[in-house]
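Notes follow the structure.
The values are calculated or read from the model by the stated rules, or taken from the named source; none is laboratory data. Only a predicted model underlies this, so the values are computations on that prediction, with no experimental measurement involved. Glycine also receives a Cβ, built like all others from the backbone with ideal geometry; neighbour counts cover every protein chain displayed. Side chains included, ligands, DNA and RNA excluded: accessible areas come from the protein's heavy atoms. Shrake-Rupley method; radii C 1.70, N 1.55, O 1.52, S 1.80 Å.
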Amino acid sequence: GAVVSQHPSWVICKSGTSVKIECRSLDFQATTMFWYRQFPKQSLMLMATSNEGSKATYEQGVEKDKFLINHASLTLSTLTVTSAHPEDSSFYICSARPPTYEQYFGPGTRLTVT
Amino acid sequence: SQKIEQNSEALNIQEGKTATLTCNYTNYSPAYLQWYRQDPGRGPVFLLLIRENEKEKRKERLKVTFDTTLKQSLFHITASQPADSATYLCALEGYSTLTFGKGTMLLVSP
């Protein structure tokens, strides 16, 4: 149980375009979903927390107009990187949290902006 | 500011030995602490959660201790196997979000 999927697993896009990443909890309802970014050999950095049906809470330094988060249902959250630039290239990972304390992570999405 | 420290150097051990990883933190009073495993190019996988009022937690070959006085958690893998090779992350809960350490890479050689 507690499986989280992410799609796509990797994407290459041109600078200036937008990319949408989907995160789904497959076998449980997630009251809260989180989006992280991880650069090579660095720790996971929390970007935002989203609760179903409400606006996401962004961490300091994360541009909410650039990283659009939608949490439309208890099993789906999306992250859209708008007007992507090469510095946005990173490993984006979502996690979903059932009504307990642990988080279940998706497999991650490798974004490369050329 | 809040800080989580994990040994950045990889830990190399031989198969069958016990691996011990350390997580130290400062300026934190976490209600609980979690350990995750991360393989290259993959998302972290939840392993164990230990609460502030628990000294020790076990799950199969894994054991975690939590010393809130020392502000330290130790993560042990007994009878280690090459398949245990991965990066292990500790994470502390604060205001419903997790903050992760950078992780320690464990390499178990046959």
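Looking at the range B:22-41 only, could you name the residues that are open to solvent by 60 Å² or more (accessible area, probe 1.4 Å) and not in a strand (DSSP E or B)? Even if it seems obvious, please write down each step before you answer.
We begin by selecting, within the range B:22-41, every residue open to solvent by 60 Å² or more (accessible area, probe 1.4 Å); these are B:26-27, B:29, B:40.
Hits for the range B:22-41 are B:Asn27, B:Ser29, B:Pro40.
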Counted residues, the range A:10-52 - those being buried (at least 16 other Cβ atoms within 10 Å of the Cβ), of a type in the set (D, E, K, R) and part of a loop (DSSP other than H, G, I, E, B)
1
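Checking the condition modelled with pLDDT under 90 and part of a strand (DSSP E or B), which residue from B:Leu106, B:Leu98 passes?
Working: B:Leu106 fails: modelled with pLDDT under 90.
Every option except B:Leu98 fails the conditions.
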Unique match (being modelled with pLDDT of 95 or more and surrounded by 12 or more Cβ atoms within 10 Å (Cβ to Cβ)) among B:Ala19, B:Ala91, B:Ala83
B:Ala19
Residue tally, condition within 18 Å of A:Phe67 (Cβ to Cβ) and either at pLDDT below 95 or of a type in the set (Lys, Arg) (or both), over the range A:15-31:
1
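For the range A:92-114, give me each residue that is part of a strand (DSSP E or B), at the interface with another protein chain (Cβ under 9 Å from one of its Cβ atoms) and open to solvent by 10 Å² or more (accessible area, probe 1.4 Å). Step through it out loud before you land on a result.
Going residue by residue through the range A:92-114, those that are part of a strand (DSSP E or B) are A:92-97, A:104-105, A:109-113.
With the extra rule that they be at the interface with another protein chain (Cβ under 9 Å from one of its Cβ atoms), the set shrinks to A:93-95, A:97, A:104-105, A:110.
Selection gives A:Arg97, A:Tyr104, A:Phe105, A:Arg110.
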If A:Leu76 satisfies all but one of (1) in contact with a strand residue (DSSP E or B) (Cβ under 7 Å, 6 or more places away or on another chain); (2) open to solvent by 10 Å² or more (accessible area, probe 1.4 Å); (3) within 9 Å of chain B (Cβ to nearest Cβ), what's the number of the condition it fails?
(3)
Working carefully through the options A:Thr82, A:Thr109, A:Thr78, A:Thr49, find the one that is β-branched (Val, Ile, Thr) and more than 12 Å from the chain's Cα centre (by Cα).
A:Thr82
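Can you tell me which residues in the range B:66-80 are open to solvent by 10 Å² or more (accessible area, probe 1.4 Å), part of a strand (DSSP E or B) and of a type in the set (A, V, I, L, M, F, W, C)? Full working, then the answer.
Here is the first cut: in the range B:66-80, the residues open to solvent by 10 Å² or more (accessible area, probe 1.4 Å) are B:67-72, B:74, B:76, B:78-79.
Now restrict to residues that are part of a strand (DSSP E or B): B:67, B:72, B:74, B:76.
B:Leu74, the sole residue that qualifies.
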